[in-house]
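The values are calculated or read from the model by the stated rules, or taken from the named source; none is laboratory data. Just so it is clear, the structure is predicted and the values come from calculations on it, not from any experiment. In this analysis, Cβ positions are derived from the backbone assuming ideal geometry, glycine residues included, and neighbour counts consider all displayed protein chains. Side chains are part of the model used for accessible areas, which takes the heavy atoms of the whole protein and leaves out ligands, DNA and RNA. Shrake-Rupley method; radii C 1.70, N 1.55, O 1.52, S 1.80 Å.
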Amino acid sequence: MILLQVNQLKKYFAADLILSNIKLEVQTRDRIAIVGRNGAGKSTLLKIISGQMSHDGGEIIKPKSVTIDYLAQDTGLESTLTIWEEMLTVFAPLQKLEKHLRTLEVKMGDPSLFENQASYQKLLEEYDQLQVDFKEQGGYQYEADIRSILHGFNFTEDDYQTKISSLSGGQKTRLALCKLLLTKPDLLILDEPTNHLDISTLTWLEQYLQGYPGALLIVSHDRYFLDKVVNQVYEISRHTSKRYVGNYSNYLKLKAENYEQELKQYEKQQDEVEKLKDFIAKNLVRASTTKRAQSRRKQLERMELMDRPSGDEKSASFRFEIERQSGNDVLSARDISVSYEKDHPIVKNIDFNIYREDSIALVGPNGIGKSTLLKAITEKLEHVDGTIRFGSNVTIGYYDQQQADLNSNKRVLNELWDEYPLKPEKEIRTVLGNFLFSGDDVLKIVSTLSGGEKARLALAKLMMEKSNFLILDEPTNHLDLDSKEVLENALIDYQGTILFVSHDRYFINRIATKVFELSRDGLTEYLGDYDYYLEKKFEMEELARLELQEKMPDKRVVIQEKSSYEQDKEIKKKERQRKRRIEEIELEISTLEAKIEENDQLLCDPEVYQNHEEVQRINEENETNSEKLEALMEEWETLHETSG
């Protein structure tokens, strides 16, 4: 079923053309990514489709029955309610229906109603239909759905009664996404949904969206996320749209293949045009060949000339060089504890070594202290215990995700030139041009720059330092997809050492040779990229789950060592138990649903509904069975979440 069609859409901001000839079609269960440069009009398109913004031409066709919900990037949930109360508001119609069912049950138990059989029969029919509606609309599982989604976004039951107004901006953004997912519209439109999510939450969201029953329209700079979720890509470039089938990686492949094919066709046509022109020029004046020349000229005039296919729009262009190489030992950290207040460490018991040409990704959940540790290494924090020793000739270049040093009232040109006053203006302008600051862009005031512009300026300053040890905190934030790729290539070619924090798993996979995982217990090192880290982490978690610990009377802990055979046997045993329990639950659910349905039929029986005591007993039994059913559904979902 077609949920939405966009035809020949056009949008101006004042006299500036933003979108032109945009075509897009969304069908049931489509997963569509909108990609393009920063400023290409991606978010504008989403706002137009969702009705948040008007358009200046073209049409948007949508059946009246289709529901659409939209979440703009960094939209926080504002409410005076608790988390649980706010999530329940999504199901207000269901709660109203449930309340109505309880009211009808009370009425059905009233003996005086039996005197009027027609009225009682009408009441039973209404109750029967409402109960069917309640079940079909998820009345027995909406609370389980709320718990499941809140859990996926790292909200525990202890958080449910917390007032939303007391939460951080990032938490409010996550809750806004939670609430939107619970509404389950036919078309879900998400603008940068991965902002403020740590890697574990991103993984959960990917799995959830893969099974989402409706269609998805997504703008995201997270390429790993797009590869996992989408099956179509629409590229917005030079105001127009072009569709590619497949995920993001397939889009890159198809785009490159299309460009090569179009370029060959263009060059072939140009060769043919040159030959025709040459023949016409040589033969038009000869009497014997004039007619042939005239025929060629008509052929040339009829020919539909192709435009030269345009490659990528201008991208940033840079490389990181080093002034001099460091020694083999770059950094040694022993028993590091870091805190903003002396007695309240954010991270503690940290030990690690970094060697020349290592490229290390520092990962861990939000709030664990990754950025704090980087600030400790770069001496941005004072409260540091333990020892941090740098090797010989180590020079540090630090990239701050907040661009804290880029709020001056200087012009872009002076922000860079003032730090390197001996370099000629032409060289400074060339550097800025490589980072897409050209013409009057270099005269912009730094504090007025967008997030993407500040990110590029910070990278320009970093490049000029020529440090041999780069410490980067979320370097891909605010960068569009093309700029991310340029940064990745520059870091891959870099001859120095890198320590970086990033939630961009695609970026980690391309850059990292090691992964440091930060947790409450300390730091764990993994050799390899992000995918290897996930694989090894899963193996270690499986082994940890299989370790049996028994407390002896003297409180000693005895750890039973298992052979590989015994471990495999234990895994298979637990998997059999899990599957057996799922089968038991499914049987119990079927039995309870059948019993509820049987009771509903009994309530329609004249002999039963004339006995108000029996009606009351049946209603109480149904209520008990419904509670059991909800508990079983929750257990069933939990067992499926822990599978594999």
Considering only strands (runs of 3 or more DSSP E) wholly within the stretch 22-114, the ones with at least 2 residues that are at pLDDT 90 or above and loosely packed, with under 15 Cβ neighbours inside 10 Å are 57-61
Would you check which residues across the stretch 147-186 are in a loop (DSSP other than H, G, I, E, B), touching a Gly at 6+ places or on another chain (Cβ under 9 Å) and open to solvent by less than 20 Å² (accessible area, probe 1.4 Å) and list them? PRO185
Can you find, within the stretch 240-296, the residue that is modelled with the highest pLDDT among those that are assigned to a strand (DSSP E or B) and either open to solvent by less than 80 Å² (accessible area, probe 1.4 Å) or in contact with an Asp or Glu (Cβ under 7 Å, 6 or more places away or on another chain) (or both)? TYR244
Any residue at all in the stretch 613-627 that is exposed (fewer than 13 other Cβ atoms within 10 Å of the Cβ), modelled with pLDDT under 80 and of a type in the set (Val, Ile, Thr)? no
Give all pairs with beta carbons closer than 6 Å in which a residue from the stretch 117-141 that is of a type in the set (A, V, I, L, M, F, W, C) meets a residue that is in a helix (DSSP H, G or I) and open to solvent by 20 Å² or more (accessible area, probe 1.4 Å); count only pairs at least 6 apart in sequence or on separate chains. PHE134/LEU97
Go through the stretch 204-239 residue by residue and tally those that are open to solvent by less than 10 Å² (accessible area, probe 1.4 Å) and assigned to a strand (DSSP E or B). 7
Restricted to the stretch 435-449 and to residues being open to solvent by 60 Å² or more (accessible area, probe 1.4 Å) and part of a helix (DSSP H, G or I), the residue nearest to LYS466 (Cα to Cα) is LEU443
Selected residue [at pLDDT below 95, open to solvent by less than 10 Å² (accessible area, probe 1.4 Å) and of a type in the set (A, V, I, L, M)] from LEU527, LEU518, LEU523: LEU518
For the stretch 356-373, how many residues meet the condition of being under 21 Å from the mean Cα position of the chain (by Cα) and assigned to a helix (DSSP H, G or I)? 2
Does the stretch 187-196 contain at least one residue that is open to solvent by 40 Å² or more (accessible area, probe 1.4 Å), modelled with pLDDT under 90 and touching a helix residue (DSSP H, G or I) at 6+ places or on another chain (Cβ under 6 Å)? yes
Residues (open to solvent by 10 Å² or more (accessible area, probe 1.4 Å) and closer than 26 Å to ALA631 by Cβ) located in the stretch 115-128: ASP128
How many residues, within the stretch 602-634, are polar (S, T, N, Q) and touching a residue at least 60 places away in the same chain (Cβ under 8 Å)? 4
When you scan the stretch 420-429, do you find a residue that is closer than 30 Å to SER337 by Cα and surrounded by fewer than 19 Cβ atoms within 10 Å (Cβ to Cβ), even just one? no
Output yes when any residue across the stretch 398-406 is small (Gly, Ala, Ser) and either open to solvent by less than 30 Å² (accessible area, probe 1.4 Å) or more than 12 Å from LYS454 (Cα to Cα) (or both), and no when none is. no
Which condition breaks for HIS640 when tested against (1) in contact with a helix residue (DSSP H, G or I) (Cβ under 7 Å, 6 or more places away or on another chain); (2) under 30 Å from GLU541 (Cβ atoms); (3) not basic (Lys, Arg)? (1)
Can you tell me which of (1) free of Cβ contacts under 8 Å to residues at least 40 places away in the same chain; (2) of a type in the set (Phe, Trp, Tyr); (3) closer than 22 Å to ILE471 by Cβ is the one PHE390 doesn't meet? (1)
Residues LEU470, LEU462, LEU457: which one is within 27 Å of PRO421 (Cα to Cα), in a helix (DSSP H, G or I), modelled with pLDDT of 90 or more and touching a Gly at 6+ places or on another chain (Cβ under 8 Å)? LEU462
Output the qualifying pairs, or none if there are none: Cβ atoms under 9 angstrom, residues six or more apart or on different chains, first residue in the stretch 237-261 and more than 17 Å from HIS221 (Cα to Cα), second residue hydroxyl-bearing (Ser, Thr, Tyr) and surrounded by fewer than 15 Cβ atoms within 10 Å (Cβ to Cβ). ARG238/SER310; TYR259/SER310
